[in-house]
Amino acid sequence: MRSTYTSVPVATLASGAEVRIPIHEVRGQAGDGPTLGLTACLHGDEQVGTEILYRFLGGVDPGQLRGRLLVVPVANPLAYAAITRNTPLDMHNLNRVFPGGGEGFFSHQLAEALVAHVLSKLDYLVDFHAGGAYATVDYLFLENAEPLSRAFGAPVLFRPPGGYGYGGSTAAYTVGKGVPTVTVELGGGAIDQAPYVRRGVAGIHNILRTIGMLPGEPAAPPRQTVLRTLTTLRPRAGGMLVPEVTALNVRVPKGAVLGRVLSPYSFEELEVVRAPYDPSLTVLVRVTPCRINPGDYGYMIGDLATAETA
Ligand SMILES: [Zn+2]
């Protein structure tokens, strides 16, 4: 057997349904070693991470593995079912309420259970995020494990000013415990996810090789750009976004039109989204025309003038 599956209870809903956290455990047969956690779908509209973990688990060979894997393919089952970023029951962002407990909303209870059953047991964490239902993204968020993050193989990384990024995230908890943490932002959008799934699985394997949990030399990372400035462009007008730049990891000049927000009713142009930096690097894009609301993640654009390039 490759892995054992269990699920742990979080709470019973008013409907009587029980919310449980799914956990696959793979015990390596090649020797003792650390425990590495793989988590996905903290945000329920970032579902490609779940497929990455499914494909990875289907191919991992416990006979080659040292140590142990704890794999949580859906960390927020209610948000997964509803395809929403936030937990529908209380509209909290699960990835801003760690270590949980605290105010005691359902999301806080879920975070507390994830800490108790998964995050507190880890020596390493790789947490998968994505662009959501309509946006596609491709970068790694540097936390406290730069060589490991580089080993994932993404072409673009982001070094947030002041260390790890978001208070209340999984990473804030594990980094606070001194656990090397890799936060992946990969895929998403209403397009074929197969290339991102392949890269995700390969990235996990390369991280496992880098820390000696799988045999073999890790592949050297590609040429990588490390951004120091990464801006989210959130439109002020909602409607139908018609993208003009659809490629990731391409440079565009300042002022270039990235996309246009139109009224889906009158087809009037409500807003033009333009590249803010000279030169700009596309990190999150909309590949296909799609609904957008004011304040949504429209685009994420890096400033290449302040970037480090390896
Ligand atoms: Zn996310």
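The values are calculated or read from the model by the stated rules, or taken from the named source; none is laboratory data. Note that the coordinates shown come from a computational prediction; the quantities given were computed from them, not determined experimentally. Glycine also receives a Cβ, built like all others from the backbone with ideal geometry; neighbour counts cover every protein chain displayed. Heads up: the accessible areas ignore ligands, DNA and RNA and are worked out on the full protein's heavy atoms, side chains in. Shrake-Rupley method; radii C 1.70, N 1.55, O 1.52, S 1.80 Å.
The residue that is most open to solvent (accessible area, probe 1.4 Å), counting only those in region 120-135 that are more than 13 Å from the ligand (Cβ to nearest atom) and in a strand (DSSP E or B), is Tyr124.
What strands (runs of 3 or more DSSP E) completely inside region 142-241 contain at least 3 residues that are buried (at least 20 other Cβ atoms within 10 Å of the Cβ)? It comes to 156-158, 181-187. Restricting the first member to region 23-47 and to residues that are touching a residue at least 40 places away in the same chain (Cβ under 8 Å) and among the hydroxyl-bearing types (Ser, Thr, Tyr), and the second to residues that are outside any strand (DSSP E or B) and within 11 Å of the ligand (Cβ to nearest atom), the beta-carbon pairs closer than 9 Å and six or more apart or on different chains are Thr39/Gly49; Thr39/Ala75; Thr39/Thr170. Ala79 passes every criterion in (1) part of a helix (DSSP H, G or I); (2) open to solvent by less than 20 Å² (accessible area, probe 1.4 Å); (3) away from the ligand (no atom under 14 Å from the Cβ); (4) farther than 21 Å from Arg209 by Cα apart from (3).
Tallying residues that are in contact with a Lys or Arg (Cβ under 7 Å, 6 or more places away or on another chain) and open to solvent by less than 10 Å² (accessible area, probe 1.4 Å) within region 1-28 yields 1. The number of residues in region 29-46 that are surrounded by fewer than 22 Cβ atoms within 10 Å (Cβ to Cβ) and either outside any strand (DSSP E or B) or within 16 Å of the ligand (Cβ to nearest atom) (or both) comes to 7. Taken together, the residues in region 47-76 that are within 16 Å of the ligand (Cβ to nearest atom) and within 21 Å of Val175 (Cβ to Cβ) amount to 4.
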